Amino acid sequence: MSRNRLNGTFPIPLYLGNNIYTMDLQENQFSGVLPKLIGKSFPKLKVLLLKGNMFEGTVPNDICSLKYLRLLDLSHNRLSGQLPLCMNIMGSDDSLFDFQPGFGTFPVLFNVIGLPDQEEFMTKGRQDNYRGNILNYMTGLDFSSNQLKGSIHESIGGMKWLRALNFSENKFDGSIPQSLSNLSDLESLDLSHNNLAGQIPSELVALQSLAVFSVAYNNLSGPTPGTRGQFLTFDQSSYEGNPYLCGPPLRKSCSVTPSIPELEENGEEDDKVGYIILFGCSAMFYMVGFWTSLGVLYFKTSWRWSWFSVVDRFGDHVLVKFFVFTKKIRSTN
């Protein structure tokens, strides 16, 4: 049913809902909001591909009820708001049938509703077709190119079945959750073109299967994971657009400690500035005190005579002391 220019709102064939395992409505013209009870309407859904439509509004919380889900592609729509906090529950049960050619024991059903025996999903930066047994191993979420916002919740780290995770080209903020390091089978992680801040968790080096990684064009800062583990294979393009990131493979070093000569030079400059300020303040206070004293003596006649009397007595006292001192020196000689 993909690429058929179908339009209208999300179709819910109630007479088939309980027995639908795959729904591929990619690249059509469906609009409106996703059903609030999408999980209860399609309880056995394992593949849901809605890429390239015009769905809007928020992602309903009931999507967490899709406990058998393995592939979810909601990319290139107009979805907004925050992701449900319960997403770690989604896809938690892998006990349902395996995919086989014709989708296992239900080939007639899928032929009736027009679903193909292969599915298309973006992972590792390319669009691939998956069919038959390989669908048992291909798992992923793609929410890219929407208007989703808020933080990426730590609960995402509970979806340990994920092999591909794409949150690129949205408005996510906050930090990158450390819990992503729990996704041991993750092969592709794209968080580029968002508003994420803070540091890249060093715990991500534990992702030994990671082949594609991008946090480009965010507001991240601090050191990159460097060349440890799979991060040895990623080049500068994985980090570009984050001017405050440092460390390999970027050319910007994380060392910000100035050299010893620079420290000494800065210290000398600070001393010079301090001396200049001290001298200026002293000179200013001296001038103010001097001219204030002259002004008072000029306008206060009684103070002026008292001042001159004190000066005369002090001068006489100094002269007497001087003559007595010189006389003692001469007598000793």
All-but-one check, residue 253 against (1) surrounded by 13 or more Cβ atoms within 10 Å (Cβ to Cβ); (2) over 12 Å from the mean Cα position of the chain (by Cα), failing number (1)
task: Please verify whether the range 230-248 includes one or more residues that are touching a helix residue (DSSP H, G or I) at 6+ places or on another chain (Cβ under 6 Å) and either part of a loop (DSSP other than H, G, I, E, B) or on the phi > 0 side of the Ramachandran plot (or both).
output: no
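Condition check ((1) in contact with a strand residue (DSSP E or B) (Cβ under 8 Å, 6 or more places away or on another chain); (2) modelled with pLDDT under 95) across all residues:
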| position | (1), (2) |
| --- | --- |
| 217 | no, no |
| 224 | yes, no |
| 231 | yes, yes |
| 252 | yes, yes |
Subset of the range 173-190, residues under 17 Å from residue 88 (Cβ atoms) and crowded, with 22+ Cβ neighbours inside 10 Å, comes to 176, 180, 183, 186, 189
Taking the range 29-45 and keeping only residues that are hydrophobic (A, V, I, L, M, F, W, C), within 17 Å of residue 78 (Cβ to Cβ) and assigned to a loop (DSSP other than H, G, I, E, B), one is left with 34
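Here is a check on your reading of the model: is residue 136 modelled with pLDDT under 95 and either surrounded by 16 or more Cβ atoms within 10 Å (Cβ to Cβ) or over 18 Å from residue 89 (Cβ atoms) (or both)? Working first, answer last.
Values: modelled with pLDDT under 95: yes; either surrounded by 16 or more Cβ atoms within 10 Å (Cβ to Cβ) or over 18 Å from residue 89 (Cβ atoms) (or both): yes.
Spelling it out, residue 136 is indeed modelled with pLDDT under 95 and either surrounded by 16 or more Cβ atoms within 10 Å (Cβ to Cβ) or over 18 Å from residue 89 (Cβ atoms) (or both).
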Taking the range 141-186 and keeping only residues that are within 19 Å of residue 202 (Cα to Cα) and either part of a loop (DSSP other than H, G, I, E, B) or among the basic types (Lys, Arg) (or both), one is left with 152, 153, 160, 174, 175, 176, 177, 183, 184, 185, 186
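Could you look through the range 75-106, keep only residues that are of a type in the set (Ser, Thr, Tyr) and modelled with pLDDT under 90, and pick out the one that is surrounded by the most Cβ atoms within 10 Å (Cβ to Cβ)?
Ranking the candidates gives 92 first.
Taking the range 54-74, which residues are in a loop (DSSP other than H, G, I, E, B) and surrounded by fewer than 22 Cβ atoms within 10 Å (Cβ to Cβ)? Spell out how you get there, then give the answer.
Restricting attention to the range 54-74, the residues satisfying the condition of being in a loop (DSSP other than H, G, I, E, B) are 58-60, 66-70, 74.
Those that are in a loop (DSSP other than H, G, I, E, B) and surrounded by fewer than 22 Cβ atoms within 10 Å (Cβ to Cβ): 58, 60, 67, 68.
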For the range 34-50, pairs from a residue that is under 19 Å from residue 81 (Cα atoms) to a residue that is buried (at least 22 other Cβ atoms within 10 Å of the Cβ) and among the acidic types (Asp, Glu), with Cβ under 8 Å and 6 or more apart or across chains, are 50/73
* Asked: Is it true that some residue in the range 200-220 is under 11 Å from the mean Cα position of the chain (by Cα), buried (at least 22 other Cβ atoms within 10 Å of the Cβ) and assigned to a strand (DSSP E or B)?
  -> yes
Of the residues in the range 75-89, those that are within 16 Å of residue 162 (Cβ to Cβ) and touching a strand residue (DSSP E or B) at 6+ places or on another chain (Cβ under 7 Å) come to 75, 83
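The values are calculated or read from the model by the stated rules, or taken from the named source; none is laboratory data. Quick caveat, the model's predicted, so the values are computed rather than measured. Positions of Cβ are generated from backbone atoms using ideal geometry, with glycine treated the same way; all protein chains shown enter the neighbour counts.
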